[in-house]
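S.K.: Pasting in a structure now, in structure tokens, and then I'll have a few things to ask.
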Amino acid sequence: MSAKANSSEFERRRAKALAMGGEEKLAQRKAQGLLNARERIARLLDEGSFLESGLFAFSSGNPEDRDSTPADGKLAGYGRIDGREVALVANDFTVKGASSSLSNGKKIAHMKRTATLRGIPLVMLGESSGARMPDTMGAWGMGSMLGGDPTQYQRMRETPWAAAALGNCFGSSAWYCVLADFNVFRKGAILAVSSPRLCSLAINEQVDSEELGGWRVHAEVTGFADLVVDTDEEAMDAIRRFLSYLPSHHNEAPPVSSVPKGSDDAAAALPKVLPESRTQVYDVRKVVRAVVDQDSLFELRARFGKVGMTALARLGGRTVGIVANNPMFKGGALDGDGCDKITSFLVLCDSFNIPIIMFVDTPGFFIGLDVERKRAAGKIMNFMNALSLCTVPRLSVVLRKSYGQAYLNMGGGRNSDEVAAWPSAEISFMDPMFAVHVVHGSRDEKYRDPSTPEFQREFEQMRGDAEVWDIAGNYSVQHVIPPEDTRAYLLRMLEVHQLRLSGGVGQHLMRTWPTSY
Amino acid sequence: MASIDVKSEITGTIWKIEVKAGDKVAEEDVLIIIESMKMEIPVLAPEAGTVAEILVKEEEPIKEGQLLARLHT
């Protein structure tokens, strides 16, 4: 073939691949306000940085589909986000519903392998219908289409993974969303193991898609959605933002940003955040916002396990992971979902060398029939074990209550590298109201009635004993700080506790822990 | 007009009821305060609307997920 003919064949095939599933399907998406796979990539990456891998791939599992499967329905390649390389896969739903097939499976495997070997994040833009049919049917189909890559669903957390649910996410898109470190969920997307239609066929359950796997389910019930957004554009921006806090791989420290002007101003308001009464609630996000660099707070899973707040943020330009009890919900008493959420966040931070800051105000673990049946003891110990396996710096600040086992889970004693407390801190084994009953109530009924002088006297004594001064006296709290000094204190402590001996890199002892609980 | 169920997110005791049927409420107004784990835990209006009915009384023990009130929006 002549050079001219070669060139023209290249252009013809290139144009055909770039046309994706055809004008009609692309127009339908546009009418729905959705970006197509190539538009998503353009929005996600630094301008002009996309280098596609496998543009000329097509279905190799079924010869009849050679001409109707541009790029085999999943786009892959390399690009830059804020100047840093990433590897990515974007499902093109206009080509056979971006169903999983032989060629596109090889593309995913190659992106994952390259990201892992070369230390760059992996981005998976999910929207797919599941296994390609009928190619995967039968023993021949299963044997040839599935199981060729023994690391297909292996997660060792060598590099950050960010995923998005941007439409129907059945099959591989669902798997990669829950395997990822960050999953942004666009309203209208559905993430489920199988489609409503299959549910109806297999178990005669008539389900609505939103009810099966819509944004509310994954934001509030499963916690699989780290963030919920309204549009594809916001989803792409969220991935860029998430990755801005993370290193490219586990063997380097996270990037350092400049500190926005005015970041030191908000801390002056901290003494006014706590309510007058020790039994009243407040939103801990006010404290966190006043401490971290201005506009740097990026909360994860805000609608799930709300008793525990988890967020990425910056302090002095450095990435930190925030774990805070939020008294606004259940009085800050930790429940099972809160434990699961904090555990997985500790694993994320420790795996990517992000120091952890804990803000403590909890009356303890929530107790009772319901939580016990939801495996509370196991969840509390998973959380505790995770904290004790962290090798990144852990700094805790007790704002108010720290009781019982929750004292240890929230970094009490040597479960954090430094423990600071506000003068308002109260630390004990159980709330004095209960303790009076437990300690004295069995021998004298006067101690079971809070209105008696005996009860009140004992209560005041126990409450006084819970004040911070005794635990500062025996050096289990190293610093008592006025609230307004919290930011300056933490900035200094992050300096002290840098991982100097290992170049900012921890040991990642939980790198193989589950990606969801 | 839509009806919204307001449920308890926690097991505890009804401590105070701050609104009555017919009251207009804004989103995040406190409807009821539950006492649990020795904390005063507010139940907030999920949306602005009118209180249609309150289904609990003060000092009543309640369970997580129990229906406490209905709003009309």
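S.K.: Looking at A:R84, A:R80, A:R132, which one is assigned by TED's automatic domain parsing to the domain that holds A:S68 and either under 30 Å from A:T343 (Cβ atoms) or among the acidic types (D, E) (or both)? Let's see the steps before the verdict.
M.R.: Numbers: A:R80 fails: either under 30 Å from A:T343 (Cβ atoms) or among the acidic types (D, E) (or both); A:R132 fails: either under 30 Å from A:T343 (Cβ atoms) or among the acidic types (D, E) (or both).
Exactly one residue qualifies, and that residue is A:R84.
S.K.: If you take the residues of segment A:274-286 that are over 21 Å from the mean Cα position of the chain (by Cα) and in contact (Cβ under 8 Å) with a residue 60 or more places away in the chain, which of them is farthest from the other protein chains (Cβ to nearest Cβ)?
M.R.: Once the filter is applied, the top-ranked residue is A:L274.
S.K.: Also, I was wondering about something else. Looking at A:M510, is it touching a strand residue (DSSP E or B) at 6+ places or on another chain (Cβ under 7 Å) and modelled with pLDDT of 95 or more?
M.R.: In short, no.
S.K.: Does B:I32 fit the bill of being away from chain A (no Cβ under 12 Å), modelled with pLDDT under 95 and outside any loop (DSSP other than H, G, I, E, B)?
M.R.: no
S.K.: Can you name the number of the only condition in (1) modelled with pLDDT under 95; (2) farther than 15 Å from A:F93 by Cα that A:G33 fails?
M.R.: Here A:G33 meets the rest and fails (2).
S.K.: Another question, then. Quick check: anything in segment A:53-68 at pLDDT below 95, assigned to a helix (DSSP H, G or I), in contact with a Ser or Thr (Cβ under 7 Å, 6 or more places away or on another chain) and not aromatic (F, W, Y)?
M.R.: Among the residues of segment A:53-68, at least one is at pLDDT below 95, assigned to a helix (DSSP H, G or I), in contact with a Ser or Thr (Cβ under 7 Å, 6 or more places away or on another chain) and not aromatic (F, W, Y), which makes the answer yes.
S.K.: Can you tell me how many residues in segment A:292-346 are within 14 Å of chain B (Cβ to nearest Cβ) and among the charged types (D, E, K, R)?
M.R.: Adding up the residues that qualify gives 5.
S.K.: Tally up the residues in segment B:30-55 that are over 20 Å from A:S277 (Cβ atoms) and either surrounded by fewer than 20 Cβ atoms within 10 Å (Cβ to Cβ) or of a type in the set (A, V, I, L, M, F, W, C) (or both), please.
M.R.: Residues meeting the conditions: 10.
S.K.: Same structure again: Where in segment A:172-218 are there helices (runs of 4 or more DSSP H), lying fully within it, with 1 or more residues that are out of contact with any Asp or Glu (no Cβ under 9 Å at 6 or more places or on another chain) and crowded, with 17+ Cβ neighbours inside 10 Å? Break it down into steps so the answer makes sense when it comes.
M.R.: Numbers: elements: A:172-179, A:196-203, A:209-213.
By residue number, A:172-179, A:209-213.
S.K.: Within segment A:155-171, how many residues are among the basic types (K, R) and surrounded by fewer than 20 Cβ atoms within 10 Å (Cβ to Cβ)?
M.R.: Result for segment A:155-171: 1.
S.K.: Still on this model: I'd like to check something: does segment B:6-28 contain any residue that is closer than 30 Å to A:F429 by Cα, in contact (Cβ under 8 Å) with a residue 40 or more places away in the chain and acidic (D, E)?
M.R.: yes
The values are calculated or read from the model by the stated rules, or taken from the named source; none is laboratory data. Keep in mind the model is a prediction, meaning the values are calculated, not measured. Cβ sites come from the backbone with ideal geometry, for glycine too, and all protein chains shown count toward neighbours.
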